[in-house]
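To start, the structure under review is shown below, and the notes come after it.
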Amino acid sequence: MGNSNQTHDKIDTHSHWFSPRVVELLGARGVAPRFVHDGEGRLCLHRAGPGTPPGRSEAFPLGAQWFDIDARLAHLDEHGISRQLLSWPTTLGVDAALPAAETTPLWAACNDDLAALTQRHPARFGALAVLSTSDIAWSVRELARAHDELGLIGAVLPVNGFASLAGAERFRPVFEVAQRYRSHIYLHTGYANPAIPGQPPLHLHSDNATIRGVLDTGWSFAAATITLAFSDFLRPYPDISVQVAMLGGSGMMALVAEQIALNAKHHGVDDVRERFRQLWFDTGAAGRGAQAIALAVNVLGASRVVFGTDYAPAASVKPVIDEIMRAPLSDEDRKLIFSANARGWWH
């Protein structure tokens with residue numbers, strides 16, 4: 001394990017970055033969500049939106065890894081990561097908290113900055129556009145601009161918007177454009193605008209909020225995966241690749257898929273793995289444990305799992321690399337997960 005960093009080429013599909021214009025625009029706000037400096041001069045993001053108590057904002061401290069590209073590149077080199085896919089962290093709930101009139105200029109600026117960064121380092125970074133969940137018509141135009149003008153490879157959307165088929169249907173115009181460009185769509189933690197139907201409640205239960213939150217998050221990812229895998233929503237869009245964060249909710253989706261596979265005929269399913277042919281699950285954040293990774297590979301196949309670290313909330317990519325090396329996988333499985341599965345997303 002000591003030389004694992006150099007054993008495999010690696011493409012990190014789950015990472016985040018705060019662009020200069022985003023920092024400027026959110027720093028100029030007088031109320032949350034906004035960037036502020038604490039008493040020691042450190043930059044923090046004060047959150048707002050679903051899950052934040054009324055009249056309060058949650059301080060989210062930001063390390064240098066969120067901003068410093070040179071330090072990021074040095075860290076990636078140290079751990080043998082050749083390329084990183086950048087996206088906006090929808091976890092922060094900015095789009096769900098603000099009206100479209102305030103978010104669309106922010107997202108356009110963010111996408112411009114992402115494009116500039118990938119143009120400076122085309123061999124090291126790819127990026128996904130952030131879209132509005134309250135102005136779908138704008139998002140349709142922005143996704144086209146992302147491909148035509150910015151060189152981005154797709155878009156990130158909050159996973160809770162797909163917890164039901166009714167919610168997913170609101171995004172059909174986006175997927176129509178995505179099919180035309182063969183986009184990569186990333187479903188990441190977080191809520192869509194409240195106008196999107198079928199999203200899970202903020203908290204299913206009030207006791208043990210932190211622990212309940214783990215379960216609630218896992219449920220959200222599993223629900224969205226079921227929407228996409230076991231409905232016909234994706235059928236008109238065969239050329240879109242869809243990535244789901246956190247192994248579909250800390251591996252919860254693999255547990256559900258295993259139960260479906262064990263009783264496939266009862267559930268009216270002929271081939272469970274075939275249902276997941278357009279879906280990939282990354283190892284970022286809570287999905288990074290060796291056992292969860294092994295379960296996902298055993299149930300869904302190594303071809304459905306991709307390497308992701310949740311950098312920059314995670315200050316190092318090493319723990320996820322170690323978990324993949326610790327999981328009981330073949331060397332061929334690790335090659336697929338670390339880089340081969342994701343390589344085709346750049347086209």
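Answer with yes or no whether D333 is acidic (D, E), within 24 Å of S87 (Cα to Cα) and at pLDDT 95 or above. Quick ask: steps written out before the conclusion?
Values: acidic (D, E): yes; within 24 Å of S87 (Cα to Cα): no; at pLDDT 95 or above: yes.
Against the criterion (acidic (D, E), within 24 Å of S87 (Cα to Cα) and at pLDDT 95 or above), D333 does not qualify.
In the range 297-306, is there at least one residue being of a type in the set (S, T, N, Q) and either surrounded by 20 or more Cβ atoms within 10 Å (Cβ to Cβ) or farther than 26 Å from P89 by Cα (or both)?
Step one: list which residues in the range 297-306 are of a type in the set (S, T, N, Q), which gives 298, 303.
Still in the running and either surrounded by 20 or more Cβ atoms within 10 Å (Cβ to Cβ) or farther than 26 Å from P89 by Cα (or both): 298.
Within the range 297-306, one or more residues are of a type in the set (S, T, N, Q) and either surrounded by 20 or more Cβ atoms within 10 Å (Cβ to Cβ) or farther than 26 Å from P89 by Cα (or both).
Among the listed residues I226, I240, which satisfies the condition of being β-branched (V, I, T), in contact (Cβ under 8 Å) with a residue 40 or more places away in the chain and surrounded by fewer than 24 Cβ atoms within 10 Å (Cβ to Cβ)? Steps first, please.
Details: I226 fails: in contact (Cβ under 8 Å) with a residue 40 or more places away in the chain.
Every option except I240 fails the conditions.
Quick one: H347 ticks every box in (1) buried (at least 17 other Cβ atoms within 10 Å of the Cβ); (2) at pLDDT below 90 bar one, so which box is it?
(1) is the only condition that H347 fails.
What about A71, is it in contact (Cβ under 8 Å) with a residue 40 or more places away in the chain, more than 19 Å from the chain's Cα centre (by Cα) and either surrounded by 17 or more Cβ atoms within 10 Å (Cβ to Cβ) or in a helix (DSSP H, G or I) (or both)? Spell out how you get there, then give the answer.
Details: in contact (Cβ under 8 Å) with a residue 40 or more places away in the chain: no; more than 19 Å from the chain's Cα centre (by Cα): yes; either surrounded by 17 or more Cβ atoms within 10 Å (Cβ to Cβ) or in a helix (DSSP H, G or I) (or both): yes.
Spelling it out, it is not the case that A71 is in contact (Cβ under 8 Å) with a residue 40 or more places away in the chain, more than 19 Å from the chain's Cα centre (by Cα) and either surrounded by 17 or more Cβ atoms within 10 Å (Cβ to Cβ) or in a helix (DSSP H, G or I) (or both).
How do the pairs read when you match residues in the range 136-151 that are more than 23 Å from H121 (Cβ to Cβ) with residues anywhere that are crowded, with 18+ Cβ neighbours inside 10 Å and among the polar types (S, T, N, Q), using Cβ under 8 Å and keeping only pairs 6 or more apart or on different chains?
Going by the 8 Å Cβ cut-off, the qualifying pairs are W138/T104; W138/S132; S139/S132; S139/T133.
Step by step: first the residues of the range 250-296, then only those that are at pLDDT 80 or above and charged (D, E, K, R), then the one that is surrounded by the fewest Cβ atoms within 10 Å (Cβ to Cβ). Which residue is that? Write out each step before concluding.
The first filter runs over the range 250-296 and keeps only residues at pLDDT 80 or above, leaving 274-285, 289-296.
Pick out the ones that are also charged (D, E, K, R) and you get 274-275, 277, 282.
Details: E274: 9, R275: 21, R277: 12, D282: 29.
Filtering the range 250-296 for residues that are at pLDDT 80 or above and charged (D, E, K, R), the one surrounded by the fewest Cβ atoms within 10 Å (Cβ to Cβ) comes out as E274.
Since D310 meets every condition but one in (1) modelled with pLDDT of 95 or more; (2) farther than 20 Å from K10 by Cα, which condition does it not meet?
Unmet for D310, out of (1) modelled with pLDDT of 95 or more; (2) farther than 20 Å from K10 by Cα: (2).
The values are calculated or read from the model by the stated rules, or taken from the named source; none is laboratory data. Not measured: the values here are computed from a predicted model. Cβ sites come from the backbone with ideal geometry, for glycine too, and all protein chains shown count toward neighbours.
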